[in-house]
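One structure is given here, and the rest of the page talks about it.
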Amino acid sequence: MSKRITEMCPALNDAMPTEYRELVENGPWLGDKTVKDLGTFKELLEEHPLCAGCNLALSLKIILSSLPNPADTIIVGSTGCSSLGFMQVGIHNIHSLFGNQNAVATGVKRVLSMRFPDKKKDVVVMAGDGATADIGLDMTIHSWFRGEKITTIMFDNELYANTGGQESGMTPAGRVAYMAPLGKKFPKINLFEIAKTSGCHYAVLLTTANTVRLGACVKKAILLARDVGPTYVQIHTPCPTNLKIPPEESIKVAKDSEKERYAFNEYVSEAAKSFLENTGNKK
Amino acid sequence: MYFKAKVDKEKCNGCKICILSCPEPNAIKFDPSSKKIEIYESRCKACKICVVICPKQAIELEEK
Ligand SMILES: Cc1ncc(C[n+]2csc(CCOP(=O)(O)OP(=O)(O)O)c2C)c(N)n1
Ligand code: SF4
Ligand code: SF4
Ligand SMILES: [Mg+2]
């Protein structure tokens, strides 16, 4: 956990843009920042092309400001709207083929443990609901079965946003979308319950309506993945573009979902509980 | 027509809820000395999330 990795090469000092300089000098490199410090440091995310009011963009920003060790974190992303954001992320990130993210993350994590046995390197998967629960479902669950020490974060906008609004397994029953005019015929997949019974030591279900809690849970999930085992964070990130709602109503949609399918739910395994107790990190 | 968010510093009490809810990075900054927020126009997409979430009604959209 040092700032050395981000130090500017003196020869390039004059040539680097202001944004880069700000990131080097005032980025959240020491991992001591929380969501509550937002607005006082340079974020790891730059101007991105995601839609106005996109809650996926909001959660990406919150996650990036909650990393316990940003300089030694490797993000594995996947195809979908989020992949348009990763190009503007100031730390290592890998784009994997749609659905392959947990397999790629497994390889990255294992090689890093061999190459840097004395260092803590956090591997964090961030992908859409389609990537995580549809095409990548086998890769997701098998990484949990195998006990890979990675964090899986799902941006659940409850459909395929990037390709124009097809239903996904995570779409609630009955929901009509631009390219699903008849409405979803089967219920939303309960990946949270599956995570609990498939080897995850920590699983949490939450929304963008409480970003302070979101940040704290992400931090916890990454710390537990580092030392205990797989962890899973599922975030409801309403997509105003596909819901055909004004962007400013998106947070309310997230908040309302907390009364039903997105009631806050946190699972902590016995091993994770004792780890948190021993490290004095209960919150 | 383009819009941007503008803060009325008289009304802002520095609670930072807008910063915690804005999907755009580095668009709203907090000034620790005045304990007020500042909005960076060029980074704002005028989504209005901060406008509806501010408990003091201190933010409005205005034409760029
Ligand atoms: C192997 C493969 N199959 C299909 C696609 C087409 N595709 C691109 S994005 C996408 C949907 C993404 O949905 P989701 O993971 O929920 O992300 P979102 O865009 O909703 O954030 C699909 C089907 C692709 N790029 N690659
Ligand atoms: S389509 Fe939806 S999920 Fe994709 S960038 Fe726009 S608001 Fe975000
Ligand atoms: S209008 Fe949207 S993008 Fe602009 S400052 Fe407010 S929350 Fe951020
Ligand atoms: Mg999706």
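The values are calculated or read from the model by the stated rules, or taken from the named source; none is laboratory data. Being a predicted model, the structure only gives us computed values, none of them experimental. Backbone-built Cβ (ideal geometry, glycine too); neighbour counts: all protein chains shown. To get the accessible areas, we keep the full protein, side chains included, count just its heavy atoms, and leave off ligands, DNA and RNA. Shrake-Rupley method; radii C 1.70, N 1.55, O 1.52, S 1.80 Å.
Quick check on the range B:5-14. Is at least one of its residues under 16 Å from A:P246 (Cα atoms) and under 10 Å from the mean Cα position of the chain (by Cα)? Checked the range B:5-14: at least one residue is under 16 Å from A:P246 (Cα atoms) and under 10 Å from the mean Cα position of the chain (by Cα). Sort through A:I251, A:I194, A:I235, A:I222 and tell me the only one that's among the aliphatic types (A, V, I, L, M) and over 22 Å from A:I62 (Cα atoms). After ruling out the rest, the residue left standing is A:I194. When you look at B:K56, is it touching a Gly at 6+ places or on another chain (Cβ under 9 Å), over 14 Å from A:G39 (Cβ atoms) and basic (K, R), yes or no? For B:K56, the condition - touching a Gly at 6+ places or on another chain (Cβ under 9 Å), over 14 Å from A:G39 (Cβ atoms) and basic (K, R) - is not met. Among the residues of the range A:165-183, just one is touching a residue at least 24 places away in the same chain (Cβ under 8 Å) and at positive phi, namely A:G165.
Going residue by residue through the range A:122-142, is there one that turns out to be touching a residue at least 24 places away in the same chain (Cβ under 8 Å) and over 18 Å from the mean Cα position of the chain (by Cα)? Reasoning before the result, please.
The first filter runs over the range A:122-142 and keeps only residues touching a residue at least 24 places away in the same chain (Cβ under 8 Å), leaving A:122-137, A:139-142.
Next, only the ones that are over 18 Å from the mean Cα position of the chain (by Cα) stay: A:142.
For the range A:122-142, residues touching a residue at least 24 places away in the same chain (Cβ under 8 Å) and over 18 Å from the mean Cα position of the chain (by Cα): present.
Looking only at residues in the range A:239-277 that are polar (S, T, N, Q) and part of a helix (DSSP H, G or I), the one that is nearest to ligand 3 (Cβ to nearest atom) is A:S250.
Tell me, which residue of the range A:179-203 that is in contact with a Lys or Arg (Cβ under 9 Å, 6 or more places away or on another chain) and within 29 Å of A:K244 (Cβ to Cβ) is most open to solvent (accessible area, probe 1.4 Å)? Here the answer is A:K188.
Across the range B:39-58, the qualifying residues are those that are open to solvent by less than 50 Å² (accessible area, probe 1.4 Å) and assigned to a helix (DSSP H, G or I), and the one among them that is farthest from the other protein chains (Cβ to nearest Cβ) is B:C50.
Every residue, every condition in (1) without any contact (Cβ under 8 Å) to a residue 60 or more places away in the chain; (2) within 12 Å of chain A (Cβ to nearest Cβ); (3) not in a helix (DSSP H, G or I), yes or no:
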position	(1), (2), (3)
B:A5	yes, yes, yes
B:I19	yes, yes, no
B:S34	yes, no, yes
B:I37	yes, yes, yes
B:L61	yes, yes, yes
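For the range A:234-273, a residue qualifies if it is out of contact with any helix residue (DSSP H, G or I) (no Cβ under 8 Å at 6 or more places or on another chain) and more than 16 Å from ligand 2 (Cβ to nearest atom), and the qualifying residues are A:K255, A:D256, A:E258, A:K259, A:E260, A:R261, A:A263, A:S269, A:E270, A:A271, A:K273.
The listed residues are B:L20, B:L61, and the only one of them that is more than 16 Å from ligand 1 (Cβ to nearest atom) and open to solvent by 40 Å² or more (accessible area, probe 1.4 Å) turns out to be B:L61. Within the range A:65-82, residues that are under 20 Å from A:L224 (Cα atoms) and within 16 Å of ligand 3 (Cβ to nearest atom) have Cβ atoms under 9 Å from residues that are modelled with pLDDT under 95 and basic (K, R) in these pairs: A:S65/A:K33, counting only partners at least 6 apart in sequence or on another chain. Across the range A:155-178, which residue is farthest from ligand 2 (Cβ to nearest atom) among those that are open to solvent by 20 Å² or more (accessible area, probe 1.4 Å) and part of a strand (DSSP E or B)? Of everything passing the filter in the range A:155-178, A:Q166 is farthest from ligand 2 (Cβ to nearest atom). Out of the residues in the range A:11-31 meeting the condition of being within 24 Å of the chain's Cα centre (by Cα) and open to solvent by 70 Å² or more (accessible area, probe 1.4 Å), tell me which one is nearest to B:P25 (Cα to Cα). Out of the qualifying residues, it is A:E19.
Of all the listed residues (A:G128, A:G90), the sole one being within 15 Å of ligand 4 (Cβ to nearest atom) and open to solvent by less than 50 Å² (accessible area, probe 1.4 Å) is A:G128.
Considering only the range A:214-232, state which residues are part of a helix (DSSP H, G or I) and open to solvent by 10 Å² or more (accessible area, probe 1.4 Å). If the condition is that a residue be part of a helix (DSSP H, G or I) and open to solvent by 10 Å² or more (accessible area, probe 1.4 Å), then A:A216, A:K219, A:K220, A:L223, A:R226, A:D227 are the ones that fit. Within the range A:224-246, residues that are within 14 Å of another protein chain (Cβ to nearest Cβ) sit with their Cβ atoms under 7 Å from residues that are hydroxyl-bearing (S, T, Y), at 6+ positions apart or across chains, in these pairs: A:I235/A:S59; A:I235/A:T207; A:I235/A:T208; A:T237/A:S59; A:T237/A:T208; A:P238/A:S250; A:P240/A:S250. Inclusion of A:N281 among residues that are assigned to a helix (DSSP H, G or I) and not hydroxyl-bearing (S, T, Y) is not warranted.
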